[in-house]
């Protein structure tokens, strides 16, 4: 389903005048979606997690961008509190990203406990109604 959400977002954002990049937040997402979504402008994150605490110690974005103020779509299957996506968005801003979007198949209600919805790093979230039972102005829900 993330593939469908991503392709929808690419059509919506890619008007030919701006650079739009797909961002895979980890190796798993790159492997899962890299073969299904045919697109040239790809950035991939590498993260290092502390397995004792569960927190991410380090996150780097691999790849280069051609211009500043590009748009980015972070693609993954599941979002809980959004910590990985917040770190990825922060790194993307450092690289010059203007607008950042998140496309996830499953968005848990625990997202309301994290910081993802409390700031403007990520402009909008696109997800399905598979898990989420609450509403928020930044969340766009597609029925499956």
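Coordinate-derived values only; no laboratory data. All figures in this text were calculated on a predicted structure; none of them were measured in a lab.
Taking only DSSP H segments of four or more residues, each worth -39500 (n - 2.57), what value at 222 nm results for the chain once the sum is divided by all its residues, to the nearest 500 deg cm²/dmol? List each step's numbers first, then the result.
Working: 3 runs with 33 residues, N = 144.
Result for the chain, helices only: -7000 deg cm²/dmol.
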For the stretch 1-137 the mean separation of alpha carbon contacts under 8 Å (6+ apart) over residue count, i.e. relative contact order in percent, is 24
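Could you give the length gained by full extension between residue 142 and residue 13, i.e. 0.36 nm per residue of separation minus their alpha carbon distance, to one decimal place? Please list the in-between numbers first.
Details: separation 129, 0.36 × 129 = 46.44 nm, distance 1.74 nm.
Here the answer is 44.7 nm.
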Bridge orientation stat for the stretch 2-142 from DSSP, antiparallel percent rounded to 5, came to 20
Expected max-MSF residue from 49, 91, 32 in the GNM of the chain (alpha carbon, under 10 Å) is 49
Heads up, the stretch 2-142 by the C-alpha gyration tensor (a ≥ b ≥ c square roots of eigenvalues; a/c under 1.5 rounded, else a/b over b/c prolate, else oblate) looks rounded
